[in-house]
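Step one of this worksheet: look at the structure below.
Rule-based calculations on the coordinates, nothing more; no lab input. All of these numbers come straight from a predicted model, not from anything done at the bench. In this analysis, Cβ positions are derived from the backbone assuming ideal geometry, glycine residues included, and neighbour counts consider all displayed protein chains.
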């Protein structure tokens, strides 16, 4: 793709940046594009265009705004496989995982197309004698989003469709590690014929992130990424008077009870832990095996993990795990494996074996046994294909492990007992809970986001919260004399 361009005021334009980064296919180490590290001036241009466009876009009837989104949805369906292959090329996830990435993004377009109903307000006659009251939702202006590397197609669609459907205008900063998917998707957006300035894209890194958080003409910022950066974005954005929804990191515990069904549960657990090479905020990073579940599940989990086929998803659709995002991230994962060994955990499956090449982004499935919650690998987010096994005496002990952790994104329980499932869901704090579900990812018409230090803000992503985040309530009280 050469050097990528920003999309500002309805046109693809060169960045004013003097620096760029290579976009690398982690399966082949091939440079597939260069992404500019855009400047504050680039961001100013995008925001200025969005601010001007807002004046007329907010007056566009919601049903008409929805038609643009529906047209883009159709284009995404037409180019579905092409977009999925771009995701695999720049991220490394398998082609089937990439297809899921694209499909879940399109799901959000489906919901946003319903904006005429979703945006409706409330009314009540005679709140006082001869006095009526109406409450309406109104757009606020320019919004921005900073999206992560792990779902190049889906996560931007958690935000932009809802923002523009509700009458706002938008500036997106995709991850500088995976920008080519959004580059192609913006080419499709360009075919839709949206008024100039309604959507904009600025490539870049830290300067653009901070710029979005402090820009006086941006009303709100959405972020998905690690907890330290989520907290930074939240603090900087709110200090500058913005609405912020910042989705942070995770350390997700999957609790397995002795009465859990064996075969299907084992398959679900392995997919949860190793799907997308563990690079997702809903990955089951840690299994808490309760009582006799440890003896029941340990060996089968190891055997299932050994059967995972690692490789380039564009070469072979039977590949079930691709590389991690970069050589640097692979080294970070290896450092966690070394810490686990040093702290006394038992390495029962070593993913480093066979993948020693420092120039390769591939690493195999890894399993640690005898992990304690206070070990580094037991408490920190590894974001890679490393599974930790923790033993718990009973369900109360398992719940205590979850509640003692500062992160609370998602958690699941595997059991045949309705009583255990209810007790678990009632007691734990994570906001997304699964019962016999390995990846408890809410559909686009429900809200997405964790709690504690996994989420900063009040209103979460997509669903009804998405509509609330991008609108302000206007109440009009009327009496005719």
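Some observations on this one:
- For the chain, the antiparallel share of DSSP beta bridges with both residues in that region comes to about 45%.
- Segment residue 342..residue 400, full-extension length gain: 18.3 nm, with 0.36 nm per residue of separation and the alpha-carbon distance subtracted.
- Relative contact order, whole percent, for segment 253-435 stands at 27, derived from Cα pairs under 8 Å and 6 or more residues apart.
- Cα centroid separation, segment 22-51 to segment 386-464 (Å): 35
- Shape of segment 198-257, Cα gyration tensor, a/c cut at 1.5: prolate
- Rounded, prolate or oblate (a/c below 1.5 giving rounded, otherwise prolate when a/b exceeds b/c) for segment 231-271 by Cα gyration tensor: prolate
- Angle between the chain longest axis and helix 293-306 axis [Cα atoms, degrees, rounded to 10]: 80
- Percent RCO, i.e. relative contact order, over segment 145-244, from Cα pairs under 8 Å lying at least 6 residues apart: 28
- Shape of segment 253-435, Cα gyration tensor, a/c cut at 1.5: prolate
- Relative contact order (percent, whole number), the chain, Cα cutoff 8 Å, 6+ residue spacing: 18
- Cβ-derived FRET efficiency at R0 60 Å, residue 479 paired with residue 22, nearest 0.05: 0.40
- Between 0 and 90°, nearest 10: helix 95-112 axis offset from the chain longest Cα axis: 30
- Taking the average, over residues, of other Cβ atoms within 10 Å as the packing measure, peptides 113-126, 287-300 rank 287-300, 113-126 from highest down.
- Expressed to the nearest 5 percent, the antiparallel share of DSSP beta bridges inside segment 253-435 is 10 percent.
- Acute angle (nearest 10 degrees) that the helix 263-274 long axis makes with the longest principal axis of the chain, alpha-carbon atoms: 60
- Amide N proximity, segment 258-290 versus residue 436 label position 7 Å along Cα-to-Cβ, cut-off under 15 Å: 258-269
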